[in-house]
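First up is the structure itself, then whatever we jot down about it.
The values are calculated or read from the model by the stated rules, or taken from the named source; none is laboratory data. Note that the coordinates shown come from a computational prediction; the quantities given were computed from them, not determined experimentally. Every residue, glycine among them, receives a Cβ derived from its backbone with ideal geometry; neighbour counts consider all protein chains shown.
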Amino acid sequence: MLFFPTAEKETPAAVKVKVNGKIVSDLNQSDAENGIVYLGKFERNQKITVTLDKMVKESLVTYQAPFIAVENEQSFKLARQKLVDQSIDGISLKGACLKFLTGSEFSHGTVVTTIPFDSGWKGFVDGRQEKLRRVAGEFMGIDVPSGRHKVVLKYEVPGLRLGLILSLTGILILTVFICTSSWLSHVRVENSLRED
């Protein structure tokens, strides 16, 4: 796997990624996800050459130094077993709210999600708000103490509350204006009828 973290709030251009001369991805297009590219399966100690399309030097300004991860089956199994042993379970996702539980065997640390970091997310551990952090370049993580805890991650569009308040205020002012105009028009008509 190849991971290209990008500068915050920038949308990088497409980059052709080649392995041993063969294009394996158009990074940040249809076949890459969040800057992660699958390079392929290779034999142990096999040398590979990873190159980027030479037309992209200008667009590489938005990229930070790439990370290359090699899957080691034994390490993968140990890491997976550690997650199982720490018993993170009860995972549920409804709309823009992710919930999960840590088991009594959980040892304190950062729980890393595959959700891209965004300032609209808020994190809560047992109802108390905790700061979310950027982990591994672009992902979101939350620090959780040892033991059994309920973790909730909620997303709220930045500025949504202010937008709703301003919209409701505008509707109220418009309603008052229409009612007042209608009432004044009615009064004028009645006054003109009385004068006649």
Those residues that are within 12 Å of the chain's Cα centre (by Cα) and surrounded by 14 or more Cβ atoms within 10 Å (Cβ to Cβ), I need them from region 119-133; list them, please. W121, K122, L132, R133
Take the conditions surrounded by 10 or more Cβ atoms within 10 Å (Cβ to Cβ) and in contact (Cβ under 8 Å) with a residue 60 or more places away in the chain and apply them to E156. Does it pass? yes
For Y63, the lone unmet condition from (1) of a type in the set (F, W, Y); (2) modelled with pLDDT under 75; (3) under 16 Å from the mean Cα position of the chain (by Cα) is (3)
Every listed condition ((1) in a strand (DSSP E or B); (2) surrounded by fewer than 15 Cβ atoms within 10 Å (Cβ to Cβ); (3) charged (D, E, K, R)) holds for E105 save (1)
